[in-house]
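Below are the structure tokens for one structure; questions will follow.
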Amino acid sequence: MYPTGALIVNLRPNTFSPSRHLTLCIKPLRGSSGANIYLEKTGELKLLVRDGDLGPGQAPCFGFEQGGLFVEATPQQDISRRTTGFQYELTSRRAGLDLHALSAPCRPCSHTEVLLAVCTSDFVVRGSIQKVIHEPERQESAIHLNVSRLYRQKSRVFRPAPEGEGGGWRGRVSTLLECGVRPGHGEFLFTGHMHFGEAWLGCAPRFKDFQRMYRDAEERGMNPCEMGME
């Protein structure tokens, strides 16, 4: 509160992965103001988040090797109350393709991206879209799903449907408002990652299209992992 001066947040990856392809994501808290956030590395500063530039829900991601966050208060002409706060994620699993849901959420996935997403995503489910709720103030769309087959999930995104609603699971995933998602008929294969405690949509081909590309890759011995197709 009332940010002045500066501080450094030293980042130490909590991972035993030998991969150097780390990703740093920063999400300012709602109403956060009063400071710029830089990446500090061997005395050099790279501006990551400028005070007031990000809207609600925005969480930009950057490549990361080593260093820390340098949080510097911005000069103020008044004495009104300001609070600076943010969350950050530092992970090794969202490099390259795994960043699809965050860096290119509106672009359809290629066949290779779909097959890799099945192996690397935090959730993989088969189901249909129940409804889509657009949230302009957050620049997000909430996609509510009816799930008939649960292949993998983390953090219990999808829970058993209430009694009398036909079985299966229910849950919601998010994507950017600019993607213009609408309810569609038929079954899809939904994949994606957890990002700041929320499920974000990655690749989502129609299930019949996924079946075709999976079997084609299986015949050629090119599948990166196996998945039950029944």
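The values are calculated or read from the model by the stated rules, or taken from the named source; none is laboratory data. Bear in mind that the values here come from a model prediction, so they are computed numbers and not experimental data. Note that each Cβ is placed from the backbone with ideal geometry, even for glycine, and that neighbours are counted across all protein chains shown.
Sort out which residues of the range 73-89 are exposed (fewer than 12 other Cβ atoms within 10 Å of the Cβ) and more than 14 Å from ARG50 (Cα to Cα), and write them in order of number.
GLN77, ASP78, ILE79, SER80, ARG81
May I pose another question? Mind checking which residues of the range 117-136 are in a strand (DSSP E or B) and among the hydroxyl-bearing types (Ser, Thr, Tyr)? Spell out how you get there, then give the answer.
Just the residues of the range 117-136 that are in a strand (DSSP E or B), to begin with: 123-135.
Selection gives SER128 alone.
Just checking, how many residues over the range 176-206 are modelled with pLDDT of 90 or more, within 16 Å of the chain's Cα centre (by Cα), over 13 Å from ALA59 (Cβ atoms) and not small (Gly, Ala, Ser)?
Number of matching residues: 4.
Can you find, within the range 48-106, the residue that is modelled with the highest pLDDT among those that are aliphatic (A, V, I, L, M) and over 28 Å from ALA199 (Cβ atoms)?
Checked the range 48-106; the qualifying residue modelled with the highest pLDDT is VAL71.
Can you name the residue in the range 181-198 that is buried (at least 19 other Cβ atoms within 10 Å of the Cβ) and in contact with a helix residue (DSSP H, G or I) (Cβ under 7 Å, 6 or more places away or on another chain) and is also farthest from ASP122 (Cα to Cα) among such residues?
Taking the candidates together, the pick is PHE188.
In the range 1-28, which residues are more than 21 Å from THR91 (Cβ to Cβ) and either at pLDDT below 85 or not in a loop (DSSP other than H, G, I, E, B) (or both)?
MET1, TYR2, PRO3, THR4, ALA6, LEU7
Restricting the range 151-169 to residues that are buried (at least 18 other Cβ atoms within 10 Å of the Cβ) and out of contact with any Leu (no Cβ under 7 Å at 6 or more places or on another chain), which is nearest to GLN58 (Cα to Cα)? Show your work before the answer.
Going through the range 151-169, the residues buried (at least 18 other Cβ atoms within 10 Å of the Cβ) turn out to be 153, 157-158, 168-169.
Add one more test, that the residue is out of contact with any Leu (no Cβ under 7 Å at 6 or more places or on another chain), and what stays is 153, 157, 168.
Numbers: GLN153: 24, VAL157: 21, GLY168: 32 Å.
Within the range 151-169, the match that is nearest to GLN58 (Cα to Cα) is VAL157.
Anything in the range 170-180 that is surrounded by fewer than 19 Cβ atoms within 10 Å (Cβ to Cβ) and closer than 23 Å to ARG156 by Cβ? List them, or say none. Give the steps one after another, and end with the answer.
The first filter runs over the range 170-180 and keeps only residues surrounded by fewer than 19 Cβ atoms within 10 Å (Cβ to Cβ), leaving 170, 172, 177-180.
Within the range 170-180, ARG170, ARG172 meet the criteria.
Starting from the range 43-56, keep only residues that are small (Gly, Ala, Ser), then list their pairs with residues that are in a loop (DSSP other than H, G, I, E, B) whose Cβ atoms are within a distance under 9 Å, requiring at least 6 positions of separation or different chains.
What qualifies is GLY52/SER33; GLY52/THR74; GLY55/GLU137; GLY55/ARG138; GLY55/GLN139.
Could you tell me whether GLY31 is exposed (fewer than 14 other Cβ atoms within 10 Å of the Cβ), touching a residue at least 40 places away in the same chain (Cβ under 8 Å), in a loop (DSSP other than H, G, I, E, B) and not basic (Lys, Arg)?
So GLY31 fits the description; yes.
Just need a number here: residues in the range 109-136 that are touching a residue at least 24 places away in the same chain (Cβ under 8 Å) and in contact with a Lys or Arg (Cβ under 9 Å, 6 or more places away or on another chain).
12
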